[in-house]
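Nothing in this text is a laboratory measurement; each read-out follows from the coordinates by a stated rule. Note that this is a predicted model, so its numbers are computed, not measured. Every residue, glycine among them, receives a Cβ derived from its backbone with ideal geometry; neighbour counts consider all protein chains shown.
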Amino acid sequence: MKKQNYPFTLMPLPYDYDALEPYIDKETMHYHHDKHHQAYVDNLNKALANHPEFHHLTLEELLSNLEKLPAEIQTAVRNNGGGVYNHNLFWLAMTPQPLGKPIGKLAEAINERFGSYEEFKNEFKKAALSRFGSGWAWLVSDKNNRVDIISTPNQNTPLEQGLRPLLPLDVWEHAYYLKYQNRRGDYIDNWFNIVDWQQAEKLFAKE
C-alpha cells in the first residue's frame, strides 16, 4: 500500500466494482468505496487543513501517535484517518482470484496459534459477530510476529495498540446491508471466499 501524506486521496479499487460478486455486490462496492470511503478522505483533509505542522506525516504515523495531535482534532483524525486506513487495507484484502486458504509463514503462524485454518475461521467469525454496532475484526501480529484476532470499534485501528494489521473485515452495516440485510453471519462466511491470502502473507512477512 503506497504511503500518503496530506492532502490524502481516495485509493482506487484494485478491481472492478462487480469483481467480487456474488459475495459482495456491485452496488455495495459503489456506495462503500465512492461515498463512504471518499467521505473519510474529505473529512480527514478537513481536520488537518489548518495544521500544516502535521502535513508531512503518513497516515500510519498520524494514527500511531494520536496523543501527540492537538486535542481538538484527535477524534476527527482517529475516526476519519482510521476510516481511510482501514478501507485501504480492506480493498486490498480481497481478490477475484482467491487461493482459498493461508500460505507461507502466515499459514504456519495461524496453525500454531489456532490449531487449524478452520478453527481460525471460527474464532475470526466469533470476533466479527460479537462486535456490537459498527467496527472491524482483524487478524494481527505483534512485534514478535505472533498472530492474534482482535476487534475494534468504529474506525479504530490496530496501530493504536502497537499491532500490525494483516487482514481486516469491515462489519459496519454499510459493508453488507444492501445484499445481506441483518445476516452478518452470512456476509462473514461468504467473505472468506474472496480473501487475498497472498496480500496477508506479504504484510506478515514485511519487516
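Loop only per DSSP, at most 12 neighbouring Cβ atoms within 10 Å: give me the chymotrypsin sites (Phe, Trp or Tyr not before Pro) in the range 104-207, ordered by residue number.
Numbers: sites: Phe114, Tyr117, Phe120, Phe124, Phe132, Trp136, Trp138, Trp172, Tyr176, Tyr177, Tyr180, Tyr187, Trp191, Phe192, Trp197, Phe204; in loops: Phe132, Trp172, Tyr176.
Passing sites in the range 104-207 are Phe132.
In Å, the Kirkwood hydrodynamic radius of the range 26-92 over pairs of distinct alpha carbons? Could the numbers behind the result be given before it?
Details: mean 1/r = 0.0810 Å⁻¹.
Computed over the range 26-92, the radius equals 12.3 Å.
Between Gln155, Gln181, Gln74, where does the largest GNM mean-square fluctuation fall for the chain, given springs only between Cα atoms within less than 10 Å?
The residue that fluctuates most here is Gln181.
May I ask you to list the lysines whose Cα is less than 19 Å away from that of Lys179, ignoring any residue fewer than eight positions away on the same chain?
Lys26, Lys35, Lys125
Which is the longest stretch in the chain that no exposed loop site breaks, taking sites as trypsin sites (Lys or Arg not before Pro) with a DSSP loop state and at most 10 other Cβ atoms within 10 Å? Each step should come with its number before you reach the end.
Numbers: sites that count: Lys2, Lys3, Lys143, Lys206.
Longest run free of exposed loop sites: 4-142.
Which of the pairs Lys2/Lys202; Lys143/Lys202; Lys2/Lys68 have their Cα atoms more than 19 Å apart in this structure?
Details: Lys2/Lys202 14 Å; Lys143/Lys202 16 Å; Lys2/Lys68 24 Å.
As for pairs spanning more than 19 Å Cα to Cα, those are Lys2/Lys68.
To the nearest 20 Debye, how big is the dipole of the chain about its Cα centre, given +1 on the beta carbon of each Lys and Arg and -1 on that of each Asp and Glu?
Details: 22 positive and 27 negative charges, 43 e Å.
My answer is approximately 200 debye.
Extent of the range 104-205 along each principal axis, from alpha carbon coordinates, in Å, largest to smallest?
Dimensions of the range 104-205 along the principal axes of its Cα atoms: 38, 28, 21 Å.
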